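Reviewing the structure listed below.
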Amino acid sequence: MTTPDHDLSLLETELRDLTDVSQVIHSVRNRDELMALATTVTTEMLATEGSNIALTDPETGDLVFYLGGGEKYSKLKSFHLAEGEGITGYCVRTASSVIVNDTRGDPRFSPRADAESGFTTRSILCVPLIVNDKCIGAMSVVNKKRGTGFDERDRVFCEAVASQVALAIHNVQLTRATVDAARLAAVGQAVAGVAHSMKNLLYGLQGGLYVFRKDLNRSGAEVPMRGLEMIERNFGRLFGIVREMLSYTRDRKPEYGTADPNEIVRSVVDLMQPTAQERGIRLSVEPQAVSGTVELDKEGIHHCVLNLVSNAMDACEEEGAAVSVSARDVGSNRIMIQVSDQGCGMDEKSRLCLFQPFFSSKGSKGTGLGLSVTQKIVHEHGGRIEVDSEEGKGSTFRIILPRIPPSSGGTGSR
C-alpha cells in the first residue's frame, strides 16, 4: 500500500514530466519529428514496449500509422487500418479512451498490425487525439512493462499528453497550410503573368497562320497540307491551355444577362455532335426543359457545359456509348444542368481529387484545369456542382444554379 506522501510525490513527478513534454512538443514545427518525439516520450514515461500515433485520412477515412516508438512497432509507419477497425478504430470512432489488458479476449482487437510488425500486443491503452471537438486520430501505448497492466492513472496521463500532441499537430498543419497557400498564390500570379504573355504571342501567331493560309490559297500552289493542319491543331490545343490557365487564375464576376439554359445545352450538343459521330458516341439532349429564362453569364455557363460534355466523351472508350445532356427546373428558385455518360467512371480516389487544380486522368491530353475552372465559374454564380460516378459504369455531373444572381437575393449556395 502506498502512503499519501508517496502518492503526492508521484503526482508532482508526473505533472513536472507533463509540463516538460508539453514545452518540448510545442517547440517542434515538423509533423513527423513531433510524432516521433511524442511516441518516444510516452513509451519511456509509461514504461511500455511500444507506442504509435495513427491519423485519420480525410479522403478515405482509413487510419494511417505515422510513427511508432519501439524497435518492432516502428515498422508500422504508413500501415493502414480501415475505418473503425481494431481497438484503435473503435477509439477514434467513439472519441473515447480504451484500456484493454488482455487483447486475446477482446473481440475489437485486430491482429493485422502485429502480423505486419512482428510485434505481440498483449495490452493496449488507446486515447483519442481531439482538436476543436473533432477526433483526428489516436495515440496508443502497448504492453506495460511493470504491474498488472494499464490503469486509470496511465489513462489520465496519456490523455493529457494526447491533448498536447493533437493541438501541436493541428498547429503544424495550419502553419503548413498557410505556407502552401502563400506558395500557391505566388505560383498563381506567376502563371497568370506567363499565360497573359503567351496569349498575346498566340494572337500574333494566329494572325500569321491566317495570312500564311490565305497567301497559300491565293498562290494556287499544290503543297501537302498535313504539316499546316498539324500546326493549327496543336496551336488550338495550346490556345485552350492558356485560356484555361487565365480563367482559373483571374478574379472575375459573372456578366449576368437573360439566357435560356435549354439553348445553351442545345448549342453545346450541336457543337460537339460532329466529334461524337466521328468517335461513335451517341450524344443527345434529353427533352426535359427549363421554364422561362434565367439570369446567368451565358458565355461562362456555356464553357462549363462544354467542359463537362467534352470530358464525358473522353470517358467513353467503347463505340456506341451514350452521353446525354439536359436542363430542368429544381423547385421554383433553381435550375439544374446535367451531363451523364456511359464511360469508364471513376474510383473513389479520383472522384475526391476531381476538382483539384492540375489533377487529370487523361495524361498528356488534359491540362488538369477544366473541372477546376468549371467549379470556379459555378461558384461565382452562387451555385454548386455535384458528381456521381461508378467505376466501369459511367458518371453524372450536375450544375445547380440559382435563377436570380445571389446579389439580387438569389438562393444559390457555395
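The values are calculated or read from the model by the stated rules, or taken from the named source; none is laboratory data. These numbers come from a predicted model, not from an experiment. We place every Cβ from the backbone using ideal geometry, glycine too, and count neighbours over all the protein chains shown. Note: accessible area is taken over every heavy atom of the protein model, side chains too, but ligands, DNA and RNA are not part of it. Shrake-Rupley method; radii C 1.70, N 1.55, O 1.52, S 1.80 Å.
How do the peptides 388-399, 88-99 rank, highest first, by the average count of neighbouring beta carbon atoms within 10 Å per residue? Mind dumping the intermediate values first?
On the way: 388-399: 17.0, 88-99: 19.3.
Answer by packing, highest mean first, reads 88-99, 388-399.
Below 8 Å, C-alpha to C-alpha, sequence gap of six or more: please give me the relative contact order for segment 287-345 in percent.
Working: 71 pairs, mean separation 23.1, N = 59.
For segment 287-345, the relative contact order is 39 percent.
What nm value, rounded to one decimal, do you get for the distance between Leu205 and Cys353 when each label is placed 7 Å out toward the C-beta?
Those two pseudo-labels are separated by 2.8 nm.
Taking only protein heavy atoms into account and a 1.4 Å probe, give the accessible area per residue of segment 72-159 in Å².
On the way: 4540 Å² over 88 residues.
Ligands and nucleic acids excluded, the result is 52 Å² per residue.
Using θ = phi - 60° and the Karplus relation 6.51 cos²θ - 1.76 cosθ + 1.60, list the HN-Hα couplings for segment 86-102 in order, rounded to whole Hz, with x at every Gly or Pro.
With the stated coefficients, segment 86-102 comes to x, 5, 5, x, 5, 4, 5, 5, 9, 6, 9, 6, 9, 10, 10, 9, 8 Hz.
What nm value, rounded to one decimal, do you get for the distance between Glu222 and Glu286 when each label is placed 7 Å out toward the C-beta?
Label at Glu222, label at Glu286, 5.3 nm between them.
What's the local net charge at Arg122, with K and R +1, D and E -1, over the other residues with C-beta under 13 Å away? Walk me through the intermediate numbers first.
Details: positive: Arg104, Lys144, Lys145; negative: Glu49, Asp102, Asp106, Asp114.
Summing Lys/Arg as +1 and Asp/Glu as -1 gives -1.
Pop out the carbon and sulfur fraction of the accessible area of segment 267-360 as a percent, whole number, probe 1.4 Å.
Working: 2150 of 4670 Å².
Of the solvent-accessible surface of segment 267-360, carbon and sulfur hold 46 percent.
Of the accessible area of segment 122-179, with the probe set at 1.4 angstrom, what percent is carbon plus sulfur?
Values: 1440 of 2760 Å².
Accessible surface attributable to carbon and sulfur in segment 122-179 totals 52 percent.
Work through the residues other than Val325 whose Cβ is under 14 Å from its Cβ and net out their charges, Lys, Arg +1 and Asp, Glu -1. Walk me through the numbers on the way to the answer.
Details: positive: Arg266, Arg282, Arg328, Arg398; negative: Glu263, Asp270, Glu286, Asp341.
Charge balance near Val325 sits at 0.
Quick one: Karplus J couplings for segment 305-318, per residue in order, coefficients 6.51, -1.76, 1.60, θ = phi - 60°, nearest Hz, x for Gly and Pro?
Coupling constants for segment 305-318: 5, 4, 4, 5, 5, 4, 5, 4, 5, 5, 6, 8, 8, 9 Hz.
Would you please give the residues with an amide H less than 5 Å from that of Arg282, counting only those at least 5 places away or on a separate chain, with H modeled from the backbone geometry?
Close amide H contacts, sequence-distant or interchain: Gly320, Ala321, Ala322, Val323.
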